[in-house]
Amino acid sequence: MDTIEMVNKGVQYYCPMKCEGDKVYDGPGNCPVCHMKLVPVGSAAAHDHGHSHQGTGHLHPMPEIRKRKMQDHGGGTDKYYCPMRCEGDKTYDKPGDCPVCGMHLKKVETFTAVKSEKKIYTCPMHPEVRKDGPGSCPVCGMDLVPVSSRETSEEEKAYGKMLKKFRVALAFAIPVFIIAMSDMTGVIQLHDIAPRNMWNWIQFILTTPVVFYSGWVFFKRGWNSIRRWSPNMWTLISIGVGSAYIFSVIGLLAPGLFPAQFKDPGGHVHLYFEAASVILALVLLGQVLELGAHNKTNFAIRALLNLAPPVARLVQDGMEKEIPLDQVRVGQVLRVKPGEK
């Protein structure tokens, strides 16, 4: 039966990879998702793949990574999930923070091998190391592996943003801490240089960008946890830092509202700007370390998978032909020549 006869008889086609579940097509062609050749329902090819006439069952299941790509990406759309699995296997269409626990959403990694346009080598454990040729890592000594010059993962972008916020927080938190602790150290007496009220205003000016730029993401996470009645560590951080900052601002602008027990002998309210800025800097440091560890892990996995050959040499009817690696099926005969992967 040729193609015209099959179309006239109303033969339906489906993707043997089941990319879109039980969806069928009215004519032959290629799957719009994985580009595999569509096969007729009830044909011998269907039985070879373990499908019934309804298209259920699968003799050779796809690898879990490819299966996740087909299910979650739906033809090329990126998906994101919470690493804590707060809502099970639920995925999100855009990057951001988990609405339940506030953790940074991770991209559903497909780990497909990418053929580099230009050979750039890097260390699996230190992705910041980049060289034009092979060699060893100057940091840890591991062999450098080739990567794609176009590749920039979502976690690398999130790591860069968080690192920038941490650097800003650290740059402002250190002088605030020094000003607040100067009376206790006995080494530097800043209040002999300028009035205490002036130093309090300097603390306010330095702490404000730490709270509203570097740490604002934590307040958003804390608010989401309260709104959803799902308290977590972001709830504690946002309440603690927010209380210290608001108390200090009120104490600076309206000291008359506080009783004498809250003031020093000079009549100034004890402020806690250094607590707010230092806590946020430490939390940001933890986030930078966490994102950096995730980034290195995923980068190492991608680098290992990129070592796999993109094609295989299929032997069929005494002839050889190259096919994509993901089209290799159980029972096929492949030829691997000496020196090949």
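The values are calculated or read from the model by the stated rules, or taken from the named source; none is laboratory data. Being a predicted model, the structure only gives us computed values, none of them experimental. Note: ideal-geometry Cβ built from the backbone for every residue, glycine included; neighbour counts use all protein chains shown. What goes into the accessible areas is simple: the full protein's heavy atoms, side chains included, and nothing from ligands, DNA or RNA. Shrake-Rupley method; radii C 1.70, N 1.55, O 1.52, S 1.80 Å.
When a 1.4 Å probe is rolled over the protein heavy atoms, the share of accessible surface on the stretch 262-310 that falls to carbon and sulfur comes to 74 percent. Amide H contacts under 5 Å for Tyr25: Tyr13, Tyr14, restricted to partners 5 or more places along the chain or on a different chain, H placed in the peptide plane at 1.01 Å from N.
Quick check on my link table: of Lys79/Lys296; Lys220/Lys263; Lys79/Lys337; Lys79/Lys165, which ones sit more than 27 Å apart, alpha carbon to alpha carbon? Pairs exceeding the cut-off: Lys220/Lys263; Lys79/Lys337.
Here Ser243 and Leu289 are evaluated by their C-beta separation; at R0 = 35 Å the FRET efficiency comes out at 0.85. Taken per residue, the accessible surface of the stretch 188-248 reaches 56 Å², heavy atoms only and a 1.4 Å probe.
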